[in-house]
Amino acid sequence: MRICLKGGRVFDPERSLDGQADLLIKKDRIEAIAPQIKTDDALIIDLAGKVVLPGFIDLHVHLREPGFEDKETIASGTAAAVAGGITAVAAMPNTKPPPDNPAAIRFIEEKAAAAGFCRVYPIGTLSHQRKGGKAADLALLYEAGVRAFSDDGAPVANSRLFKEILQELARYPDAVAIAHSEELPLSAGGLLHEGAVSRRLGLPAVPAAAETIGVARDILLAAATGARLHLAHLSTAGSVELLAWARERGLPVTAEVTPHHLLLTDEEILRSGALAKVNPPLRTEDDCRVLQEALRTGLIDIIATDHAPHRLSEKEAGLEEAPCGIAGLETAVPLLLTGLVNRGKLSLADLVRVYSSRPAELLGLPGGSLQPGAKADIAVLDLEAAGKIDPQGFYSRAKHSPFAGRSYLGGPVMTIVEGKIKMEQGIVYGANR
């Protein structure tokens with residue numbers, strides 16, 4: 001069967017497309033885009049007043065399975081993704097057991113295929129069992145199709161080992177190391193950013209230097225080895241300065257930022273408590289401004305949610321005991337539209353670049369464009385859709401958020417993956433809330 005998306009604003013900045021048009025899907029591919037498409041054998045969907053654009057791609061997602069299915073499963077996490085207009089995710093490896101071998105990679109791929117919601121790309125570990133003691137079998141993982149490697153949740157603290165890992169990855173031109181950059185002795189025991197709020201509360205805190213020292217080390221090791229390095233969840237102005245230094249020298253270093261580090265400050269701890277406890281912690285207003293500007297100019301390449309779901313009971317244990325993490329897949333697009341695009345801090349074209357086309361380019365993935373012949377991975381937005389964030393309606397198992405109750409204007413109303421409608425008007429077909 002064919003599907004014809006009629007009369008929407010077809011928007012693909014990669015192809016300089018922006019105007020009312022029809023888009024025809026045949027099986028799993030985009031067949032044609034034209035001002036008017038006549039067809040007698042297609043399902044017609046009227047999208048007048050809506051925006052049709054490449055599906056969003058999230059390169060930093062914790063699906064928790066295997067090992068932590070009480071927090072999230074591959075099925076619930078990918079249902080949450082398509083609810084948020086996301087057509088592909090990269091699954092971080094801090095699971096139990098971690099994916100440091102081809103069998104573990106296949107498990108994730110098979111579970112994702114059985115769920116049938118969106119594409120899932122497993123990220124392999126950098127070290128064996130993610131323990132930082134010795135390198136994972138990177139060659140075997142690469143042969144199994146893995147192209148991104150990380151010990152996310154913790155850095156490879158041994159600099160000699162991390163250098164050896166980067167030297168091996170440098171032999172694979174399309175492989176990338178995703179670094180969780182953190183100087184652990186500085187951050188140990190910290191509950192929030194070291195600043196006015198931590199001093200007011202009298203709580204142990206994490207200085208900005210815990211990140212910037214880690215970023216500096218990781219950039220220098222990438223420079224020494226020639227490996228591609230991607231810096232995860234940057235949160236400080238100092239990290240942005242170091243990223244600019246690397247770019248000026250032509251180093252193959254990219255970076256991402258999360259919606260919560262763009263839109264929230266450490267003041268959120270006073271309102272939301274442990275719901276706003278993340279690693280790296282929420283920083284200052286100045287850090288937010290620098291991160292937003294770096295994203296706008298392209299210095300920071302990518303937005304990624306770092307979707308990190310936990311049970312509500314864990315978050316209710318208090319700031320000291322609660323784990324770090326925010327569930328972000330279902331809130332990212334409406335919050336970014338409201339907090340950045342609608343306020344002129346980021347254009348819609350920039351949003352597509354950093355949350356679709358650039359992630360696809362970084363890992364060589366399908367998607368990121370509405371090119372005829374490409375896979376039909378599509379998000380449809382209603383820029384006038386208004387509402388409030390309601391975690392009880394999440395498809396994620398983590399039904400809590402520091403953004404709960406926030407008003408938004410604009411959000412996804414349809415998600416199409418490989419030519420199949422997965423979400424329509426907030427309903428994910430085949431999923432339970």
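The values are calculated or read from the model by the stated rules, or taken from the named source; none is laboratory data. This is a predicted model, so every value here is computed, not measured. So basically every Cβ, Gly included, is an ideal-geometry build from the backbone, and we count neighbours across all protein chains shown.
Looking only at helices (runs of 4 or more DSSP H) that lie completely in segment 321-400, which have at least 3 residues being closer than 16 Å to ASP301 by Cβ?
Values: elements: 332-336, 348-352, 358-363.
Because the criterion is at least 3 residues that are closer than 16 Å to ASP301 by Cβ, the helices (runs of 4 or more DSSP H) in segment 321-400 that meet it are 348-352, 358-363.
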(request) Find the residue count for segment 78-124, including only residues that are of a type in the set (Gly, Ala, Ser) and farther than 18 Å from LEU141 by Cβ. (result) 11
(message) Please verify whether PRO280 is in contact with a Lys or Arg (Cβ under 6 Å, 6 or more places away or on another chain) and surrounded by 22 or more Cβ atoms within 10 Å (Cβ to Cβ), treating the condition exactly as stated.
(response) no
(message) Step by step: first the residues of segment 49-78, then only those that are free of Cβ contacts under 8 Å to residues at least 60 places away in the same chain and β-branched (Val, Ile, Thr), then the one that is surrounded by the most Cβ atoms within 10 Å (Cβ to Cβ). Which residue is that?
(response) THR78
(message) Tell me yes or no: at least one residue of segment 72-81 is assigned by TED's automatic domain parsing to the domain that holds VAL354, modelled with pLDDT of 95 or more and outside any helix (DSSP H, G or I).
(response) yes
(message) Within segment 126-144, take every residue that is part of a loop (DSSP other than H, G, I, E, B) and hydrophobic (A, V, I, L, M, F, W, C) and give me the one that is nearest to GLY325 (Cα to Cα).
(response) LEU126
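Please go through segment 104-125 and pick out each residue that is aliphatic (A, V, I, L, M) and either in a helix (DSSP H, G or I) or over 21 Å from the mean Cα position of the chain (by Cα) (or both). Talk me through it step by step, then tell me what you get.
To start, the set of residues in segment 104-125 that are aliphatic (A, V, I, L, M) comprises 104-105, 108, 112-115, 120, 123.
Selection gives ALA104, ILE105, ILE108, ALA112, ALA113, ALA114, ALA115.
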(message) Looking at segment 82-103 only, could you name the residues that are assigned to a helix (DSSP H, G or I), small (Gly, Ala, Ser) and out of contact with any Ser or Thr (no Cβ under 8 Å at 6 or more places or on another chain)?
(response) ALA103
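What residue, of ARG200, ARG247, is basic (Lys, Arg) and under 29 Å from ALA88 (Cβ atoms)?
Details: ARG200 fails: under 29 Å from ALA88 (Cβ atoms).
Of the residues listed, the single one that is basic (Lys, Arg) and under 29 Å from ALA88 (Cβ atoms) is ARG247.
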(request) Among what's in segment 111-164 and is basic (Lys, Arg) and surrounded by 15 or more Cβ atoms within 10 Å (Cβ to Cβ), pick the residue that is farthest from ALA216 (Cα to Cα). (result) LYS111
